[in-house]
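To start, the structure itself, in structure tokens.
Each reported figure results from applying straightforward, stated rules to the coordinates on display, with no laboratory input. On a predicted model such as this, the values are computed, not experimentally measured, just so you know. No Cβ is skipped: glycine too gets one built from the backbone with ideal geometry, and neighbour counts run over all protein chains shown.
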Amino acid sequence: MKNIHEVLRAKEQLLEETQKDIAALKHTIKLLTDEREESREASGAGAPSLSSLPVPPVVMRPAGSSQAGKEGTYSPWDAGSKQFP
């Protein structure tokens, strides 16, 4: 059985890493939008904004959902993945 304090600490570390990643992404978005605004002002043309760019669909799968070792099983999580014989 897992120690609850170890599990909690692991979750806290994951949360801290995620918060750092979010902060980095926000900084990157700011840099990208600043660059686009500068290029738009320089060219005088209306360049598309980040919000108008297409966004790829997000496919969420549970951790460890690979098909290795699960031959003959089917899960709705795997509905979008390629199935090999």
- prompt: If the cut-off is a Cα-Cα distance under 20 Å, which aspartates and glutamates reach LYS26, setting aside same-chain residues fewer than 8 apart in sequence?
  reply: GLU16, GLU17, ASP34, GLU35, GLU37, GLU38
- request: Between beta-carbons, use under 13 Å as the cut-off and find the net charge around ASP34, counting Lys and Arg +1, Asp and Glu -1.
  value: 0
